[in-house]
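A quick write-up on the structure given underneath.
The values are calculated or read from the model by the stated rules, or taken from the named source; none is laboratory data. All values reported here derive from a predicted model rather than from experimental measurement. Quick reminder, even Gly has a Cβ in these numbers, built from the backbone with ideal geometry, and neighbours come from all protein chains shown.
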Amino acid sequence: MTPDPIPLRSPSTLECRNCGAGAPVDEHFCPQCSRILALGRHGDYFSFLGLPRKLVIDSNDLERRFRDLSRKFHPDYFYNAAPTERLASLERSSYLNDAYRALKNPVSRVEHLLAIEGLPSARSEDASTGSGQAAGKVPPSLLEEVFALNEELDEIRELRESGEDPDKLRARLERARAPIDVKRDEHERQLQELSVRWDSQEHAAVAEKRATLDALRERLLERNYINNLLATIEREVASLAGSGQPAAGSHG
Amino acid sequence: MGKVVGIDLGTTNSLVAYVDEGRPVVMRDESGDALVPSVVSLDEDGTIFVGREAQRRLLAAPSRSVYSVKRFMGRGIDDVRGDAGLLPFRVSGEAGGVVRIGVGDREFTPPEISAFVLRELKHRAEEHFRKQGEFDFEVDRAVITVPAYFNDAQRTATRDAGRLAGLEVLRIINEPTAASLAYGLDKRNRGTIAVYDLGGGTFDISILKVEDGVFQVLSTNGDTHLGGDDIDRLLVEMVISDLAGSGAGGRGAGAAEGQMPPEGGPAAIEVIRRAVIQAKWDLSDVEETEIRVEPSPAVRAGYRRRITRADFERIIRPLVDRTLEPCRQALADAGLEPKDIDEAVLVGGSTRIPLVRRVVEELFERKPHSEINPDEVVALGAAVQADILVSGRREMLLLDVTPLSLGIETMGGVVSKIIVRNSTIPASGREMFTTGVDNQTGVDIHVLQGERELAADCRSLAHLHLRGIPPMVAGLPRIEVRFQIDANGILSVAARELRTGIEQTIEVKPSYGLTDQEVERMLIESFEHAEADFEARLLIDARNEAESVIHATEKVLRRADLDGVASELFEPGERERIDAALAGLKFVMAGTSRQAVHDWTHALNNVTRHLAEVTMNRTVREALAGKNVKDV
């Protein structure tokens, strides 16, 4: 069902389209003729920015790298260059911007690490096949909370339709939200612990590293689920604001 | 290689600037005026007028004159119905298509109208370079600014306008970002800046971080339908409702509809508009003024009403408050609090309004900057960016963002986001598609821009038709569609079937834009009209020259009267000859004979020659403002 993932791993060398020399894949400019290199299929944001594959990142350092590289290959500076170099500059700048955005945020940083380490995506809205899996499967550690929340939401919806005071219902929603918030905070903490562990495992055995990655992925899946739950509560709150009227959303 | 300029293509006024020995300067006309009103007017014989001349004609021929066309760029007729009510020109278009503007028996798209304004700016710049004695004075490339919150269709329409005007558009940049570049020239400091840009028709807020000469936009937000025009409209509606007799309660409820033309038609709206704009300007300096419409055929009884700044602020408060939510959203998107902002910068003519200044100061908890003329700062920044592009100078780098998320419609009419808003541009995104039927060779994709969940609530950008997919079992093809937003904030799309590596051809049908073929056709048409345009241009040049001579002469005469030195300056009968020549020139200015304007200008120059000489000797050299002196 799920098609094989796009080959994210980079080839080992690049070929300079100007002079034909070979260049290491993480070079941005040809060591031979110093022209900007075409991007090719670079798949690793960490190495693109000259960073090790680690999850704890100094945000000032990341920002400085981003600025320095922007200054090297922004399209502004290739306005008069040959078309292939202009294209290379556009591609490298886009890729840099994507890389910076992904690594700046701790969660998307983990997502990217999992992808380049060859783990299946943990994003619930991964629409690549349009099959929409993941949505139905409740992570085991959340079963209890999900169960309780769904019951509470059903009850609140019923009460809303029978014209219960929206303020009372809002208060109930807030109460229902509290345990989910606790879970989320717990997850943030676990994510951080696992990130530190991953960084310390540089020379560890493959199996150990894999265990950490699996645990990180587990946390992300749960996290996505928790966010969906919070979003559901938000939607309920919003429909209360509509003064008892069912929310207008008749499209589709 | 021709010259390069920066252009601020505004709702109300447009400007052109360039970098002269490292400093950006705006280009002025003979009388020192930097603003070219974004007004285009068509004569019965097809002659086209732009700028001040077109503005003059707004009163005489309101239904043949077009202004505020920026509001229609990249938009469909359904978007602009609310605006069309109080405008004197015809606005039409098919549902789901480009807006058309009717003037006389001709119809134009908004990019064509904007192209007339751009041509005028191009001409102004070329005159400037020519007068400086440049051998190669042709202006062929420009950086043009747009509101940061412009969507893809609006940006593309602006680029099309540039092409139609014979300009290679080097870059489309965002107005608030351009302004920050102009400010950044003087202060090479670092910090977090909020640029609040309230112009004639649009509002933008951009939050930037400046460090090591890199101007990085963190977030942007805005409203492409909020500006000085809306303020004018509220006041015009108030006057119309007063005139309709329901004056008792100030604004009548009916006026809010904005669809009710007054008895005098478009001409009446235009005189009222001028009167309220004057009052609006007054109230930036004084506490009380009068909206005053002189009796005329358009408004027979005339109109007068005293208005205090407090009244004015009460009327416009809701509009000004509408800028606050975008500001808060931009701060939230940047992950900042108001106290994190080091500097706030004011851009756009509407930021002269004291209430606007107060609101900005309260929001960002600091006094905003307005040292650089808020009308000129954007054009200056555009010139800086143009210079960076052609010179390859690397001291400064602007990193902007895309204001709106880009997505595609998926099953159930839901939008799947591919590039999220506030992503630094250039930015790219990929999405995988496959087929649903065996041997299917084509896929249709609907591209949207906006933040809402449902496709119906987002802006439709284009329908893409992927063709040439190799025939395979359903679900087997793996088509990667790559969306690329370039440094202009404009989208391009490429697709490839990954199993075979075959590139797909993509037909793009823009939802609210022109196809390349349409732009080509318009270019050809514009050449056909070029002759009439050329005649008009000569007339306008003659009038502009005449105006500057009149201006310079009157200035000297006034000075002479004031200083009480008239007797030593004038020879017997000289004053009378000058007055007669002045009157003659002013009279022919109202007509359309270029020769007459030219002859009378010459005459005035002749009779003022002696005066010019003596005043020069009297060291009031500057009073003659350069050009006149040269002609003498």
One residue from B:305, B:309 being crowded, with 17+ Cβ neighbours inside 10 Å and in contact (Cβ under 8 Å) with a residue 60 or more places away in the chain:
B:305
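Conditions (1) of a type outside the set (Ser, Thr, Tyr); (2) loosely packed, with under 14 Cβ neighbours inside 10 Å; (3) at pLDDT 85 or above, marked per residue:
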| residue | (1), (2), (3) |
| --- | --- |
| B:517 | yes, yes, no |
| B:535 | yes, no, no |
| B:555 | yes, no, no |
| B:568 | yes, yes, no |
| B:589 | yes, no, no |
| B:594 | yes, no, no |
| B:601 | no, no, yes |
| B:607 | yes, no, yes |
| B:625 | yes, no, no |
Output the residues belonging to segment B:30-56 that are surrounded by fewer than 19 Cβ atoms within 10 Å (Cβ to Cβ) and in a loop (DSSP other than H, G, I, E, B).
B:31, B:32, B:33, B:43, B:44, B:45, B:46, B:47
Taking only segment B:385-408 into account, find how many residues are more than 8 Å from every other protein chain (Cβ to nearest Cβ) and part of a strand (DSSP E or B).
4
Selection from segment B:1-27 of residues that are without any contact (Cβ under 8 Å) to a residue 12 or more places away in the chain and in a loop (DSSP other than H, G, I, E, B)
B:21, B:22
Do we find that residue B:357 is at pLDDT 90 or above, of a type in the set (Lys, Arg) and outside any loop (DSSP other than H, G, I, E, B) in this structure?
yes
Do the conditions hold for residue B:175, that is, is it out of contact with any helix residue (DSSP H, G or I) (no Cβ under 7 Å at 6 or more places or on another chain) and at pLDDT 90 or above?
no
Leading residue by the ranking (surrounded by the most Cβ atoms within 10 Å (Cβ to Cβ)) among those in segment B:409-441 that are of a type in the set (D, E, K, R) and in a loop (DSSP other than H, G, I, E, B)
B:421
When residue B:413 is evaluated against the numbered criteria (1) modelled with pLDDT of 85 or more; (2) within 11 Å of chain A (Cβ to nearest Cβ); (3) more than 27 Å from the chain's Cα centre (by Cα), which criterion, by number, is the only one it fails?
(1)
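Given the options A:66, A:46, A:29, A:78, name the one that is over 30 Å from residue A:202 (Cα atoms), among the aromatic types (Phe, Trp, Tyr) and touching a residue at least 24 places away in the same chain (Cβ under 8 Å).
Matching residue, one of A:66, A:46, A:29, A:78: A:78.
Listed residues A:113, A:90, A:103, A:119; which is under 30 Å from residue B:488 (Cβ atoms), buried (at least 16 other Cβ atoms within 10 Å of the Cβ) and either more than 10 Å from chain B (Cβ to nearest Cβ) or in contact (Cβ under 8 Å) with a residue 60 or more places away in the chain (or both)?
Step by step, each of A:113, A:90, A:103, A:119 is checked, and only A:103 is under 30 Å from residue B:488 (Cβ atoms), buried (at least 16 other Cβ atoms within 10 Å of the Cβ) and either more than 10 Å from chain B (Cβ to nearest Cβ) or in contact (Cβ under 8 Å) with a residue 60 or more places away in the chain (or both).
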Hey, can you tell me all the residues within segment A:104-144 that are at pLDDT 80 or above, in a loop (DSSP other than H, G, I, E, B) and more than 22 Å from residue B:423 (Cα to Cα)?
A:117, A:118, A:119, A:120
Give B:169, B:210, B:117 a once-over and let me know the one that is among the β-branched types (Val, Ile, Thr) and under 22 Å from residue B:340 (Cα atoms).
B:210
For residue A:80, only one of the following conditions fails: (1) of a type outside the set (D, E, K, R); (2) within 20 Å of the chain's Cα centre (by Cα); (3) not in a helix (DSSP H, G or I). What is its number?
(2)
Here the residues within segment B:421-431 that are under 27 Å from the mean Cα position of the chain (by Cα) and more than 8 Å from chain A (Cβ to nearest Cβ) are B:421, B:422
